[in-house]
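Below: one structure, written as structure tokens.
The values are calculated or read from the model by the stated rules, or taken from the named source; none is laboratory data. Being a predicted model, the structure only gives us computed values, none of them experimental. Note: ideal-geometry Cβ built from the backbone for every residue, glycine included; neighbour counts use all protein chains shown. SASA here: full protein model, heavy atoms, side chains in, ligands and nucleic acids out. Shrake-Rupley method; radii C 1.70, N 1.55, O 1.52, S 1.80 Å.
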Amino acid sequence: MKRLLAIFLCLATLGNLYAQIRGNNIVVTVQPDHRDWTYQTNEKATFVINVLKSGTLLDNVSVDYATGPEMYQNVKKNVVLKNGTLKLTGSMKQPGFFRVDVVAHVNGKNYKGACSVAFSPEKLQPSTVFPRDFCDFWESAIREARKTDLNPTKRLLPERCTKDVNVYEVSFNNERWGVRTYGILCVPVKEGRYPALLRVPGAGVRPYAGDIYTASQGAITLEIGIHGIPVTMEQGVYDDLGNGALQGYCEYNMESREKHYYHRVIIGCIRALDYIAEYTPWNGQELGVTGSSQGGFLTLATAGLDRRVTFYAPVHAALCDHTNSLRGIACGWPHYFYGKPNIKGYRLPNERDIRTTLDDQIETSRYYDGVNFARLITDKQKGWFSFGYNDDVVPPTTAWATYNTVKGPKEISPYQATWHFWYQEQWDEWEEWLLKQMKLR
């Protein structure tokens with residue numbers, strides 16, 4: 001018994017040691033000379049690059065660097081840093097973001113660092129065109145979907161419930177009968193009427209746990225999936241779908257307004273609000289929506305299309321300003337037209353070997369651009385925007401241009417050094433802002 005106990009303790013200790021592995025001993029830093037990473041056009045930005053080992057400069061290290069407008073860096077060089085440090089400069093004549101990417105090669109391994117700085121970001125404007133029938137198209141789609149009863153289901157998940165929150169898997173009809181949206185609903189145990197928050201997901205295929213924490217503070221939360229499948233299955237099911245039938249779903253039917261993959265997704269978000277309004281103890285007042293990346297886009301779409309939304313918080317919102325790349329400027333994920341020429345008659349084969357024009361896809365993209373939904377947000381809806389300047393998935397060029405588009409009350413809180421991830425402080429600020437809008441702080 002003592003021997004077994006000793007083995008167990010040894011294994012537990014090894015497990016704890018493994019869990020403590022964090023970061024790298026070799027670090028590449030790229031530091032601008034303005035603390036807020038912001039400059040005026042035509043001003044010169046200076047960057048200091050350091051390659052550190054154990055916190056000290058590493059001698060004679062080989063680095064590759066690229067500089068220039070983000071996604072369109074036009075200077076690429078390899079140099080050896082004798083004392084582990086290098087200074088570079090950059091400037092922009094037009095509003096935008098200038099990016100420095102560095103890769104250090106040490107002992108056969110690559111270590112990355114980057115810095116993107118803003119030049120007059122408050123002047124950035126999007127390129128996408130607002131279709132004349134944009135509002136009619138979406139109002140008609142929502143009206144048609146509401147002809148189908150929600151026909152909701154609700155299943156208690158006792159293993160997830162707490163003393164303060166009941167947790168359910170729910171589903172309801174989306175744009176037509178049999179096409180369903182699934183989600184995790186969290187409702188305070190105590191009887192009463194509550195503010196509500198819809199959480200919309202980032203890209204990918206996964207299960208969901210629900211927002212139990214926010215519900216425990218005194219709110220109804222509904223976290224939805226977008227693929228029309230239950231959200232409580234084994235992880236392997238989602239892995240198979242993500243690598244199979246749903247691989248690359250964001251590019252399905254790009255040439256069709258009605259069949260585009262995000263058509264059903266956006267309608268599902270509106271129907272989720274219908275579900276909250278009809279089948280939960282919502283107080284009829286505070287109603288919010290939030291999400292990051294793909295979820296940031298869906299946040300903008302939901303707030304733009306539904307006046308019941310009183311507050312919204314998109315974080316590094318994707319799918320914004322798709323056509324920017326057609327003028328050689330950074331575009332939003334999934335970078336639909338990046339590297340493709342804007343030439344009349346340029347053609348792309350689809351899976352059925354039918355020829356479809358790039359022009360058709362460009363026109364359709366305008367109905368699925370976060371910028372155009374942001375244009376519909378009113379002065380009765382409060383917004384909180386956050387993103388990273390180093391994000392190489394959702395370029396800050398598009399994030400700032402989208403923010404500039406909104407006419408209603410809004411706040412912006414960039415966390416410059418983040419890439420496509422959150423800092424803890426950013427997460428905490430976001431959560432506190434949401435609770436404040438629901439009068440829970």
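Overview of values
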{"item": "Unique match (being touching a Ser or Thr at 6+ places or on another chain (Cβ under 9 Å), of a type outside the set (A, V, I, L, M, F, W, C), outside any loop (DSSP other than H, G, I, E, B) and open to solvent by 60 Å² or more (accessible area, probe 1.4 Å)) among E429, E425", "result": "E429"}
{"item": "Criterion: farther than 27 Å from F385 by Cα, of a type in the set (S, T, N, Q) and at pLDDT 95 or above - qualifying residue of N243, N283", "result": "N243"}
{"item": "Pairs with Cβ under 7 Å, 6+ apart, first in region 309-321 and among the charged types (D, E, K, R), second part of a loop (DSSP other than H, G, I, E, B)", "result": "D321/P126; D321/S127; D321/T128; D321/C331; D321/G332; D321/D369"}
{"item": "Selection status of Y261, under 18 Å from G332 (Cα atoms), open to solvent by 40 Å² or more (accessible area, probe 1.4 Å) and out of contact with any strand residue (DSSP E or B) (no Cβ under 9 Å at 6 or more places or on another chain)", "result": "no"}
{"item": "Unique match (being closer than 28 Å to G178 by Cβ and either open to solvent by less than 10 Å² (accessible area, probe 1.4 Å) or aromatic (F, W, Y) (or both)) among F130, F137", "result": "F137"}
{"item": "Those residues of region 160-193 which are open to solvent by 30 Å² or more (accessible area, probe 1.4 Å), under 25 Å from Q285 (Cβ atoms) and assigned to a strand (DSSP E or B), in sequence order", "result": "N166, Y168"}
{"item": "Test: residue in region 402-420 that is open to solvent by less than 10 Å² (accessible area, probe 1.4 Å) and aliphatic (A, V, I, L, M)", "result": "yes"}
{"item": "Y238 being aromatic (F, W, Y), surrounded by fewer than 19 Cβ atoms within 10 Å (Cβ to Cβ), farther than 27 Å from R146 by Cα and modelled with pLDDT of 95 or more", "result": "no"}
{"item": "Some residue of region 379-396 being at pLDDT 95 or above, within 21 Å of the chain's Cα centre (by Cα) and within 23 Å of R132 (Cα to Cα)", "result": "no"}
{"item": "Residue count for region 65-90, restricted to those that are open to solvent by 50 Å² or more (accessible area, probe 1.4 Å) and within 28 Å of the chain's Cα centre (by Cα)", "result": "2"}
{"item": "Of the criteria (1) over 23 Å from G288 (Cα atoms); (2) in contact (Cβ under 8 Å) with a residue 12 or more places away in the chain; (3) open to solvent by 20 Å² or more (accessible area, probe 1.4 Å), which one G204 fails", "result": "(1)"}
{"item": "Residue match in region 301-321 (condition: part of a helix (DSSP H, G or I), over 19 Å from T402 (Cα atoms) and modelled with pLDDT of 95 or more)", "result": "no"}
{"item": "Pairs with Cβ under 6 Å, 6+ apart, first in region 72-89 and assigned by the TED database to the domain that holds S62, second open to solvent by 100 Å² or more (accessible area, probe 1.4 Å) and among the basic types (K, R)", "result": "T89/K44"}
